[in-house]
């Protein structure tokens, strides 16, 4: 039985003679008459350069990498600039990141290979861009709830304050608990609340709420970038020991449809995305399952037509997400 993959064929091919970090990134030379390239410069380039000028974007990326030849993951900052670009224009977080991710994908073709090519995490050339994006997506796919952050902060303070947990201040007579973050003022050998502690606590609580709202939006936006990368084929590079597999069309080089034997690379490339979508629907926090829903939609759009097992699994997952959505709407 032949199974046609609508988007691409995954064929694992080893990248031979991948240059070392010292050979590649050190061999890059900044282009003359180009100023210092920063994360802000790259963000603006993603936003302002015409799609037909991706070669100029690639030149800026190479100039940036050339300034840090000993950084093993120089494209991390480039991907962060890409993320900033997706939320830069008002109304923030409402822009579909697909077009910007496509710019990044197309610029990757100009990064070169061999001597003078960009190397990121041991992967050289255009595949380095896919590697950098995949690493960022993996890193930002894990949601850390505020309660875990509080526990981590408490553990850190316990170590630094000699056994006292978060919310304790050491002073004469031992540690005293205070609800806010305003330090206690020692008076007459004791520690007493400061006059402005209530106002400061309210301000800090409001700031914490704003920061938490921002983190949720960021988490969902990374999921949208994940979905865009899936649809553009950037999650279809499979890296093993610093070597990557390349992708091509849904037909083999001789024009025949993909056979079942080609499915291993296809399944491997989607395993992480499927795990994110499969697990997120069961998480309690809304930010997680909303993010997972974006990834699932991309998985459905890029899935194998005619794969009954996959169709049934995705259908079950979709119904679970719809149930969460309806339940959330009912509580609202």
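Every number here is computed from the coordinates shown, using simple stated rules; none is lab data. If you're wondering where the values come from, they're calculated on a predicted model, not measured in any experiment. Using ideal geometry, Cβ is built from the backbone for each residue, glycine included, and neighbour counts are taken over all protein chains shown.
Residue exposure proxy: 87, 225, ordered by other Cβ atoms within 10 angstrom of their Cβ from fewest to most, comes out as 87, 225.
Summary of packing: across the peptides 289-299, 61-71, the per-residue average of other C-beta atoms within 10 Å ranks them, highest first, as 289-299, 61-71.
Take the Cα of residue 208, step 7 Å toward its Cβ, do the same at residue 38, and the gap between the two points is 3.3 nm. Per-peptide packing, taken as the mean over residues of other Cβ atoms within 10 Å, places 227-233, 206-212, 270-276 in the sequence 227-233, 270-276, 206-212 from highest down. In this simple spin-label model, placing a label point 7 Å from the Cα along the Cα-to-Cβ direction at both residue 218 and residue 67 gives a separation of 2.2 nm.
In this simple spin-label approximation, residue 47 and residue 325 carry label points 7 Å from Cα along the Cα→Cβ vector, and these lie 3.1 nm apart.
The ranking of 323, 201, 59, 52 by Cβ neighbour count inside 10 Å, starting from the fewest, reads 52, 323, 201, 59.
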